[in-house]
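See structure below.
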Amino acid sequence: MIEINNLNQLAEAIGSYNVPQSVITDVDNRIKDWLSSGGNEYDNYILNQCKYVEKIINKKMGEC
C-alpha cells in the first residue's frame, strides 16, 4: 500500500501510478484554488486531497 502525506509524495505517486486523468485534473484544480485563496500546502485540505488520491491508487492496486 502507498501512503501520500504531502504534495511531493502526491506528485511522485501520480507520476508512478496509473491515476485517472479526471482525478488528476480535479485534485490539481482543487489544490490550485486552495493555494490561490490563501491556503498553504500544509493545511488539512491539502492532506485530504492527498488521501483521496492515495485511496484511488490503493484500490487500483488491490484490483490487480
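The values are calculated or read from the model by the stated rules, or taken from the named source; none is laboratory data. Owing to the predicted nature of the structure, the values given are computational and were not obtained by experimental measurement. All Cβ positions, even for glycine, are placed from backbone atoms using ideal geometry, and neighbour counts span all protein chains on display.
Residue-wise test of (1) surrounded by 11 or more Cβ atoms within 10 Å (Cβ to Cβ); (2) under 11 Å from the mean Cα position of the chain (by Cα); (3) modelled with pLDDT under 95; (4) assigned to a helix (DSSP H, G or I).
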| residue | (1), (2), (3), (4) |
| --- | --- |
| Leu10 | yes, yes, no, yes |
| Ser22 | no, no, no, yes |
| Thr25 | no, yes, no, yes |
| Arg30 | yes, yes, no, yes |
| Gly39 | yes, no, no, no |
| Tyr42 | no, no, no, no |
| Ile56 | yes, yes, no, yes |
| Gly62 | no, no, yes, yes |
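Regarding Ile14, is this residue surrounded by 15 or more Cβ atoms within 10 Å (Cβ to Cβ) and in a helix (DSSP H, G or I)?
Working: surrounded by 15 or more Cβ atoms within 10 Å (Cβ to Cβ): yes; in a helix (DSSP H, G or I): yes.
When the stated conditions are applied, Ile14 passes them.
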